[in-house]
Each structure stands twice: as structure tokens, then as C-alpha cells.
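Notes for the one structure printed next.
The values are calculated or read from the model by the stated rules, or taken from the named source; none is laboratory data. Owing to the predicted nature of the structure, the values given are computational and were not obtained by experimental measurement. Every residue, glycine among them, receives a Cβ derived from its backbone with ideal geometry; neighbour counts consider all protein chains shown. Note: accessible area is taken over every heavy atom of the protein model, side chains too, but ligands, DNA and RNA are not part of it. Shrake-Rupley method; radii C 1.70, N 1.55, O 1.52, S 1.80 Å.
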Amino acid sequence: MAQNENTFGTRISNAETLILSITKFNNFTPLEAQDAPEEMYKLIAALKQSGLKVTEGLSKYAQAVEIRANHFDKQADSLKKILSNINAYIKALIGKNGKESETINQKIIQLRGDSPKKDKANPDDKSVSTSQQSYASITQNFVELITVLSTLSKAYAPANEYIKLEALRAKHQAIEEANKNVKIAYSNLSDARLERDKWYEDLKNRCQRIKNAVKSQYGNTSKEYAEVKGLKI
């Protein structure tokens, strides 16, 4: 369901107004037992609880995205920042020319060109899929770079702690873990949204039925129907 997260609060408030209205109407009789005020309040409570799960899911997704971004761009040993150091060391070790140097340079160029797609604060399936593909491509190019560095004819043994092979392999594992955690966080968020949308759809259908009952019982020109017909749920 394509809903702005903020619209649910407004619609729940309108549903509560509708229920309050029918409790004041003289001898209002719902068409179905589940449309009675006490049952409607139970439904709204369930919907509010599912909404809290969505809020929690969004928060955890944002945290997972931030951790991943740190590995790629923001930390002192982020992938973006260590590429220049690797490049400089390779030029000092084996020079600018030669097949090995060219291969490494091309791989670094690929990594620099693979700009990760920005994650949306309020993600949908399409944006998340695009972002995951982007990060997966970067991760694959990074592990290929590590493989090349580990098989150089001259031993790759930099003094910089951030670009030692052990550190690069650890960074790769951390990136893989970060990618996985983003996927898990989004899956949990999607499940929470589906549950919330199920409760919301039930609420919307029941509220429409209540409006129809008011219209049928009091007439389409009655003050009772005028009070509830404009409530958007």
C-alpha cells in the first residue's frame, strides 16, 4: 500500500472521531457485530501497535544503513578513503607501468566509479533493490582487488595498518555483514508494514460500512450522516 507514514495517524484519528460520533447517535445499530464501538476500539489498538512496529522497523533500518555507509564512506578506514593509499603504495612498490599495476589501477577506478545509491529514509522495494545492487557491485569489486593484491609478484606488505591484507579482508567481512544487516532490517520493516496495512484495510472497510449504516438508518440528508460522511479513513 502506497501510504505516507504520517497519513496513518490522521486516518486513525478520523476513525476514532467516527466511533465517538456513533456512540452519541440515538439508537444506532451497526450492520455487523464487529462494527460496534468496543470492537472498533480493539481494532484501532491493534493498528496502533502495528504502527509502532513500523516505526521501530524504520529506526533499525536507518541504523543499519548508517553502519554500512560508515564502512564505505565515513570512517577513517572506509573503502573510499583507503583506495588512494593502496594506489600510492602500489605505484611505489611496482611503479605505474606493468600489467599488475594496470590491473590494480583499473580495479580502483571501478571502485571509485561505483557510487553507492543513496538509501531513502522511507524505503520502498524498488529503491532498496537498486541500493542493494549498487553495494553488491562495490563489494564484489573490492574482494577482487584484495585477491589481486594477495597474488602480486612482489610481496604486498604496506606499513599503513588500514591497507594491510589482513585489515582489507576484515573490512570486506564487515561490509558483507553490514550488507546482510540492511537486508534483514528491510525485510523486518516490510513484514511490519504488511501487518499494519492489513489492520488498516480492515479498519477502512469497517468504517465505510458504519458510514453506510448511518446513511441507511438516518437518511443521506440527516445531521448524523453529515457528521460522519466527510471523515477520510
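Numbers below:
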| read-out | value |
| --- | --- |
| Residue match in segment 158-166 (condition: open to solvent by less than 70 Å² (accessible area, probe 1.4 Å), among the charged types (D, E, K, R) and out of contact with any Lys or Arg (no Cβ under 7 Å at 6 or more places or on another chain)) | yes |
| Flag if TYR135 is of a type in the set (Ser, Thr, Tyr), at pLDDT below 95 and closer than 24 Å to GLN63 by Cβ | yes |
| Every pair of residues 6+ apart whose Cβ atoms lie under 7 Å, when the first sits in segment 18-38 and is touching a residue at least 12 places away in the same chain (Cβ under 8 Å) while the second is open to solvent by less than 90 Å² (accessible area, probe 1.4 Å) and among the polar types (S, T, N, Q) | PHE28/GLN217; THR29/GLN217; PRO37/THR23 |
| Residue check for GLN106: part of a helix (DSSP H, G or I) and closer than 17 Å to ALA178 by Cα | no |
| Filter pass, SER153 being within 30 Å of the chain's Cα centre (by Cα), at negative phi and surrounded by fewer than 17 Cβ atoms within 10 Å (Cβ to Cβ) | no |
| Neighbours by Cβ (under 8 Å, 6+ apart or cross-chain): first from segment 148-169, part of a helix (DSSP H, G or I); second acidic (Asp, Glu) and open to solvent by 30 Å² or more (accessible area, probe 1.4 Å) | VAL148/GLU100; TYR162/ASP77; ALA167/ASP77; ALA167/GLU161 |
| Subset of segment 39-83 [free of Cβ contacts under 8 Å to residues at least 60 places away in the same chain and of a type in the set (A, V, I, L, M, F, W, C)] | ALA45, LEU52, ALA62, ALA69, LEU83 |
